[in-house]
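Participant: Submitted below is the structure of interest, expressed as structure tokens.
Read-outs throughout are calculated quantities, based only on the coordinates presented, and are distinct from any laboratory measurement. Since we're looking at a predicted model, the values are computed, not measured. Quick reminder, even Gly has a Cβ in these numbers, built from the backbone with ideal geometry, and neighbours come from all protein chains shown.
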């Protein structure tokens, strides 16, 4: 990838990850991690902070989640209350940065220059946001929740990171949780210890880390991070040309269907080739593995191609961990030993009917890339 | 590359249903990347390092003068960096010398 040298460094509670920015920390998961299973280990999970003022010391005892604004009863919840006063629920969900794969845009766009490792999948445990909001009691006239974490900008004038969700979505959707566990452990500090919002199916910009404050407001939040940043063109396929101007935009929200091969990387030799047929010694086969996910409808099919997308055959789907999770898939590929370079590809179709195509999105934010991935591999 | 020191005190005290650490402290590792010598490098250090390190700049694609000017103006306009009007083209000169595309 033509985006500069990217050293790998082990940050606290993390294995060595690709450093895009050391301050604020932006760390990418090396892609081979996704071949190890559906769940991304906490120490390999990518990291993305917006502002350098992140607390490096968090005391769970003094932590509070405040709920206020247009509510009948303001709340100031301790971590212990979050754990004990609300029914704990678990959900497996993909957390993907809005700008995942931005570094693969052509022409290139500025920002966090991710390859495809700005994502991860975890089993989150926490309290339902709707239960917390019900305990507080939404007052008449509520339009959105506007919420932020413990982090802050370096300069007082810089807009501090905060996000908003429509009140109907926040107060009705049973899958949105305030998570205090990730894969059975506390969240790593860099992933939001002691608690973060989990908005399954939606891009990670809404999954605010170290969630500290929820304000119920009577208007559409017009802060910088909603009104200016993280917006996509309101155009067909949310795509524009690099010279296009004057189009409307809207806040990014739900993720698009994607699939990847995880067992071999672009440009690599395929490993683990085995004889496929005793009568034809040159015929060899390999198990190709990968993952697929979408914005919350679940994966219906994954197809695999070994001829650059001219022909497709169905892949085998592994057991389902839930509609918001990575879905693992495998395909058996038979070829001739020493036959050189082949173009592998995979494409997923979601239960919603949305399917990956060869269309490649382009917008100046570097958002929503989800075209069919191809891999030049050798045998 | 210097390894980070994890200074977390993971006291496994019971907090309600599950045992979560009471207190976590970390120390972020220093960056090994700094702005290389170039035109107006001290101005770049004084302005840009307030909010982010040099590696974020070097990890960007090469960009045109118009694109880098837009980036510097975004830092001023959207993120309220205290960059004087006269310093914008000087900072862009430096960025062009490091990650410029003609």
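Participant: Take every Cα-Cα pair in the stretch B:32-99 and report what % of them are more than 20 Å apart.
Facilitator: Value for the stretch B:32-99: 15 percent of Cα pairs lie more than 20 Å apart.
Participant: In addition: Using only Cα atoms, figure out Rg for the stretch A:258-378 and give it as a multiple of 2.2 N^0.38 Å.
Facilitator: Values: Rg = 15.3 Å, N = 121, 2.2 N^0.38 = 13.6 Å.
Relative to the rule-of-thumb radius for its length, the stretch A:258-378 sits at 1.12.
Participant: Cα atoms only, the stretch A:206-265: Rg and Dmax in Å?
Facilitator: Rg, Dmax (Cα atoms, Å): 16.4, 50.
Participant: Suppose we keep just the DSSP beta bridges with both residues in the stretch A:258-378; what percent of those would be antiparallel, to 5? Please list the in-between numbers first.
Facilitator: Working: 33 of 34 bridges.
Bridges in the stretch A:258-378 that DSSP calls antiparallel: roughly 95 percent.
Participant: What's the exposure ranking of A:361, B:41, going from fewest to most Cβ atoms within 10 Å?
Facilitator: On the way: A:361 19, B:41 16.
If I rank by nearby Cβ atoms, fewest first, I get B:41, A:361.
Participant: Cα-based Rg (one decimal) and Dmax (whole number) for the protein assembly as shown, in Å?
Facilitator: Every Cα atom of the protein assembly as shown included, Rg and Dmax give 23.2, 77 Å.
Participant: Just how far, in whole angstrom, is the stretch A:208-267 from the stretch A:21-41 if you go by their alpha carbon centroids?
Facilitator: Cα centres, the stretch A:21-41 to the stretch A:208-267: 21 Å.
Participant: Considering every pair of different Cα atoms, what Kirkwood radius, in Å, is found for the stretch A:123-262?
Facilitator: Result for the stretch A:123-262 stands at 16.6 Å.
Participant: Counting other C-beta atoms within 10 Å, which of A:165, A:129 has the fewest, and how do the rest follow? Each step should come with its number before you reach the end.
Facilitator: On the way: A:165 24, A:129 28.
Exposure proxy ranking, most exposed first: A:165, A:129.
Participant: Looking only at Cα atoms, what is the convex hull volume of the stretch A:43-130 per residue, in Å³?
Facilitator: 169
Participant: Taking the stretch A:8-229 as the region of interest, what is the percent of Cα-Cα pairs per 5 angstrom bin, listed from the shortest bin to the one with the maximum distance?
Facilitator: Taking every Cα pair in the stretch A:8-229, the percentages come to 1, 7, 15, 19, 20, 17, 12, 6, 2, 1, 0.
Participant: Separate question: May I ask you to derive the FRET efficiency for residue A:106 and residue A:339 from their Cβ-Cβ distance with R0 = 41 Å, giving the value to the nearest 0.05?
Facilitator: Efficiency, rounded to the nearest 0.05: 0.90.
Participant: Could you please rank A:304, A:31, A:293, placing first whichever residue has the fewest other Cβ atoms within 10 Å of its Cβ?
Facilitator: Ascending Cβ contact count within 10 Å gives the list A:31, A:304, A:293.
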